[in-house]
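Since every read-out is calculated from the coordinates, none of them should be taken as a lab result. Small disclaimer: the values here were computed from a predicted structure and weren't measured. Counting neighbours? That spans all protein chains shown, and the Cβs are built from the backbone with ideal geometry, glycine included.
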Amino acid sequence: MIFDFGGVLTTPMDDTALCFAREIGLPDDAYRRAVAVDPAGRHLYAQLERGDISQEEWNAGIAALLGIDGTNLMGRALATLRPEKTVVTAAAQIRASGIRTAILSNSMGLAPHDPYAPWDLEAAHDVVVVSEQYRMRKPDPEIYELTLELLELPGSACIFVDDNPGNLAPAQKLGMTTVHATNPALTVAQLHQLIPLTH
């Protein structure tokens, strides 16, 4: 069972973007548009995910787009991010049943702010792949192949859960069953259907 991180094991990323925009006095969609819609912001995020730039460089670049102070921007923007407890609990139940679990996450940077630290992913899962550490990112097919190699499993033996539909196709091509995480209750229900042991 392979899980994405942001928006699957966490509360929705759009919610954090909205909270941050309001906190700094910008229009509700300003931060989300800067990082996910603006071509310059999307390019910066792709560079961060591949480890081509540091989080501090990303902070400075996004801050320039928004016209704000870039000090610890990622940490401030993710201040309201929380564990999505229902999905985190389901993942723990799946692993306790004897099924190996993995994280495959496009990186949000690891320093100065480490968004993964509160989840203790290395203790909670068998394999953790954070994109910048391998200089590739979803949806690059190679990062899915790497995750399967680390799990020592074929794609046909794995289920992949992601909130971004664009990240599902490469997993499907490798034979994985995929779950599009649109809301926590539905995601957990789908996992229960696929793995009855999680009931």
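Specify which residue in the list 7, 151, 87 is farthest towards the positive end of the charge dipole of the chain, using unit charges on the beta carbon of Lys, Arg (+1) and Asp, Glu (-1), about the Cα centre. Among 7, 151, 87, the one farthest towards the positive end of the dipole of the chain is 87.
Residue ranges 157-166, 109-118 sort as 157-166, 109-118 when ordered by packing (mean number of other C-beta atoms within 10 Å per residue, highest first).
Counted by Cβ distance under 15 Å from residue 92, the other residues give a net charge of -1, where Lys and Arg count +1 and Asp and Glu count -1. Using a/c under 1.5 as the rounded threshold, could you call the stretch 1-86 rounded, prolate or oblate? The axes a ≥ b ≥ c are square roots of the C-alpha gyration tensor eigenvalues, and prolate needs a/b larger than b/c, oblate otherwise. Oblate, since a/c reaches 1.5 and b/c is not below a/b.
Rounded to the nearest 0.05, the FRET efficiency derived from the C-beta distance between residue 100 and residue 42 at R0 = 41 Å is 0.80. Over the stretch 44-130, Cα pairs under 8 Å with separation of 6+ residues give a relative contact order of 32 percent. Treating r as the C-beta distance of residue 114 and residue 192 and R0 as 30 Å, the FRET efficiency rounds to 0.45. The calculated pair-distance distribution of the chain uses every alpha carbon pair, bins of 10 angstrom beginning at 0, and gives 9, 36, 36, 16, 3, 0 percent. Restricting the stretch 1-88 to trypsin sites (Lys or Arg not before Pro) that sit in a DSSP loop and have at most 16 other Cβ atoms within 10 Å of their own Cβ leaves nothing.
Placing +1 on the Cβ of every Lys and Arg and -1 on the Cβ of every Asp and Glu, with no other charges, gives the chain a dipole of roughly 360 debye about its Cα centre. Our note on the geometry: Cα centres of the stretch 116-172 and the stretch 37-96, 17 Å apart.
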